[in-house]
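Notes follow the structure.
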Amino acid sequence: MHDVTVLVIFVEGEKAALALTALAERAGRKWLVVGLGGCWGWRAKTGSERTADGSRFPVTGPHPDFDMLALKGRVAMIVFDSNAASNPMVGKAEREFARLLQERGAKVRIARIPQIPEVNGPDDYLAAFGDEATLRILDGATAPGGPCVNPWDAARDITSFLNEGDTDMEVLERRVLEREAVTEAFSTRGIGKSEWGDGACRSAGESRTPGPVP
């Protein structure tokens, strides 16, 4: 826990934690694997606040158990499930967790499990492809801020936006509008660019009608 020379690996599930711990023993590696219990498992209720009407609502923050783990100067690797590359909420959890670890002085690395049928977590990948393939993924982990993998961050065409599920579109529109990230949308005629723009402006409460979309 306190030896900052030992790599710490964060995974979502307990099975993944056990699988990578066993891999370390077979490969002669030394690392500490922490199963978070989900992509948001690093957060917990830290208190409550009272509203103007007297009711109370929970306040969440980093789980207090993280205070027991030395992170300053330590390499900390995040190995979330493969849907971190396609599920906006998992991607958001990964980015916010990476930011927390960096704020606490860790040298953060991200290892990406490929999106392959029947493979979700690193334990699935290990079972399907073996030790050497899994070690290559871990050894190839990179610092945060590499190629974007989330719908609102990537330079994707409007067709990809429209192909997202309803829930993802709601998240996408809110974040895009907050960041004012979309200024132009290019694609062939007839796929609904103008309708998407109109809906996005309405959801933001804009009174103006968006101009022509190329």
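The values are calculated or read from the model by the stated rules, or taken from the named source; none is laboratory data. The shown structure was predicted, so the numbers you read here are calculated from the model rather than taken from an experiment. Heads up, the Cβs are rebuilt from the backbone with ideal geometry, glycines too, and the neighbour counts pull from every protein chain shown.
Numbers at a glance
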quantity	calculated
Test for MET89: is it surrounded by 13 or more Cβ atoms within 10 Å (Cβ to Cβ) and either closer than 15 Å to ASN120 by Cβ or not aromatic (Phe, Trp, Tyr) (or both)	yes
Residue that is farthest from TRP31 (Cα to Cα) [pool: residues in segment 79-132 that are among the hydrophobic types (A, V, I, L, M, F, W, C) and part of a loop (DSSP other than H, G, I, E, B)]	ILE116
Pairs with Cβ under 6 Å, 6+ apart, first in segment 43-70 and in contact (Cβ under 8 Å) with a residue 12 or more places away in the chain and of a type in the set (Gly, Ala, Ser), second part of a strand (DSSP E or B) and surrounded by 10 or more Cβ atoms within 10 Å (Cβ to Cβ)	GLY47/VAL59; GLY61/THR46
Candidate set: segment 1-14, residues that are at pLDDT 95 or above and either over 22 Å from ARG74 (Cα atoms) or touching a helix residue (DSSP H, G or I) at 6+ places or on another chain (Cβ under 8 Å) (or both); chosen: the one surrounded by the most Cβ atoms within 10 Å (Cβ to Cβ)	VAL11
Considering residues of segment 15-64 that are assigned to a loop (DSSP other than H, G, I, E, B) and under 22 Å from the mean Cα position of the chain (by Cα) only, the residue surrounded by the most Cβ atoms within 10 Å (Cβ to Cβ)	CYS39
Lone qualifier among LEU7, LEU23 - being closer than 21 Å to ASN120 by Cβ and of a type outside the set (Gly, Ala, Ser)	LEU23
Residue in segment 80-89 that is assigned by TED's automatic domain parsing to the domain that holds LEU135, touching a residue at least 40 places away in the same chain (Cβ under 8 Å), closer than 18 Å to MET1 by Cβ and of a type in the set (Phe, Trp, Tyr) present	no
Qualifying positions in segment 105-139 - more than 19 Å from the chain's Cα centre (by Cα) and surrounded by fewer than 16 Cβ atoms within 10 Å (Cβ to Cβ)	GLY105, PRO117, GLU118, ALA127, ALA128, PHE129, GLY130, ASP131, GLU132, ALA133, ARG136, ASP139
Subset tally (residues that are exposed (fewer than 15 other Cβ atoms within 10 Å of the Cβ) and touching a Cys at 6+ places or on another chain (Cβ under 6 Å)) for segment 92-104	0
